[in-house]
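Since every read-out is calculated from the coordinates, none of them should be taken as a lab result. Since this is a predicted model, take the numbers as computed values, not measurements. Here the Cβ is made from the backbone with ideal geometry for all residues, glycine too, and neighbour counts use every protein chain on show.
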């Protein structure tokens, strides 16, 4: 029984000799589907990274350096992430400490933190900027939870759109006689498995964020 493999050694399928009228076409079909699956996987992974980034922007009541990841500082005329101009560390559960790499950058860093949408009030002492993290009120926790869920839903919409694009691509290949109906069915099943995997990942990220928000 012949065996077809793609570059990574994955067995695509085994067929009796009588069913493989054109082995080259059969291998080509499998590679086309695998290319679409890999592209879909990469795009969905980027959607997960985007959700992670958006959830990081949502402030909880705990001090974490990641809270300032999206704060941009004007550095010699160019906006750069804060962590490329200073060292951010945790002083205690409710306080962040920011040490500028250059003393002249302290005012710009302080301004960037104040003008961010995080609602933080930095306190500067020499080259060290301390940032108290105020506790969230119950109302604020509920608001942040709604935002987290919306970011999760946005991520799942993006993943479903990627699934749609991949599905359309596979169906177009069938219409153009590039692949057979069996390969189309298998390809769509693979795309659905990826969709389920990354949708579950989004739900888990949102659940973790909600737990952080509700932690007193």
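General remarks:
- Ranking of 91, 116, 104 by count of other Cβ atoms within 10 Å, fewest first: 104, 91, 116
- Put in line by how crowded their Cβ is, counting other Cβ atoms within 10 Å and starting with the fewest, 214, 44 read 214, 44.
- Dimensionless Rg ratio for the stretch 65-132, taking C-alpha atoms and the 2.2 N^0.38 Å reference: 0.97
- Each part gets one Cα centre, and for the stretch 30-47 versus the stretch 49-89 those centres are 30 Å apart.
- Potential extension, residue 70-residue 185 segment - 0.36 nm per residue separation minus Cα distance: 37.2 nm
- Stretchable slack from residue 192 to residue 117, in nm (0.36 nm times residue separation minus alpha-carbon distance): 23.3 nm
- Taking 0.36 nm per residue of separation and subtracting the current Cα-Cα distance, fully stretching the chain between residue 35 and residue 92 would add 15.7 nm.
- Cα gyration tensor shape of the chain, rounded if a/c is under 1.5, else prolate or oblate by comparing a/b with b/c: prolate
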